[in-house]
Amino acid sequence: MEIAICDDINPILKEIEEQVKSLGIADNVYAFSNLDTFLFSIDGGKRYDAVLMDIEWGEKAAGIDVAAELYRLCPETKIIYVTGHIELSQHIFLNRSNLSGFLSKPIDIGLLQANLQKIADTLPYAEQPSLVLRQKGAPISIPFRDIFFIESQGQTVEIHTTEETITVYESLENIMRSLPMEFFQCHKSCIVNMSKIRRIQSGDIHLKNGERVPVSRAKINATKEAYVSFMGQTFE
């Protein structure tokens, strides 16, 4: 896995670089203390599987701005935001980026490992854990990474994936028992894959494929908390 680290404070940059290397997940690690140099590497054709991006660069949310530009150039690259100011976590819901995680400084090595492993598990060559169901009597296997959301439609359930919508006779409750931690029931009739969320607003969750799913008023706070916890940091 190719990983870039962007932070303007050299001692912190070096510390994070050493932490990442110690995990043995990355094939190569690249450290940048200058955002222009980082973007220049992208313009030169370099591609990263994951970028640990410091939010603050002398002016508010500069790292978030670069992450938006990175999304335009390389929408497949996963972003993990890093900050020493937890209050800036509110910006992650509004930014257009391929967001995969959020870590606060000093970085907990366990949370760092969990975030990077989550990305590694989604790479094309990684084994793909799947949801196994039956459709018209025949077993079907749907990779978790392909599922955007699942919704109940009376006696059937529709599973919305990257390529298609799959309908099965099953209950939402039973399916929820088979799903890993990245899935959350945000509404009585809907389960969302939190890794597919772009932002959360009062009555809707906006997904990375442009679709929206409902979030009930009773579950809006729990949904936000579950999302940020999944990203690697809970609300204070």
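Of note:
- Using a Förster distance of 41 Å, the FRET efficiency for residue 36-residue 117 (Cβ separation, nearest 0.05): 0.85
- Virtual paramagnetic centre 7 Å along Cα→Cβ of residue 134, amide N under 14 Å, in the stretch 171-202: 171
- Contour minus Cα-Cα distance for residue 62 and residue 158 (0.36 nm per residue): 30.6 nm
- Greater than 28 Å apart at Cα, pairs in 105/188; 21/118; 46/196; 136/224: 105/188; 136/224
- Sorted by Cβ neighbour density within 10 Å, fewest at the top, the residues 228, 215, 168: 168, 228, 215
- The charge dipole of the chain, taken about its Cα centre with unit charges on the Cβ atoms of Lys, Arg (+1), Asp and Glu (-1) only, comes to about 780 debye.
- With Cα atoms, 0 to 90° folded angle of helix 220-231 axis to the chain main axis: 50 degrees
- Burial ordering of 217, 199, fewest other beta-carbon atoms within 10 Å first: 217, 199
- Fewest-first ranking of 158, 17, 163, using other Cβ atoms within 10 Å as the exposure measure: 163, 158, 17
- Of 30, 81, 71, the one that fluctuates the most in a GNM where the chain has Cα springs shorter than 10 Å: 30
- Between the Cα long axis of helix 109-120 and the first principal axis of the chain there is an angle of about 60°, rounded to the nearest 10.
Laboratory data are not the source of any read-out in this text; all were calculated from the coordinates shown. Just so it is clear, the model here is predicted, and its values are computed rather than measured. Every residue, glycine as well, gets a Cβ built from its backbone with ideal geometry; the counts of neighbours run over all protein chains shown.
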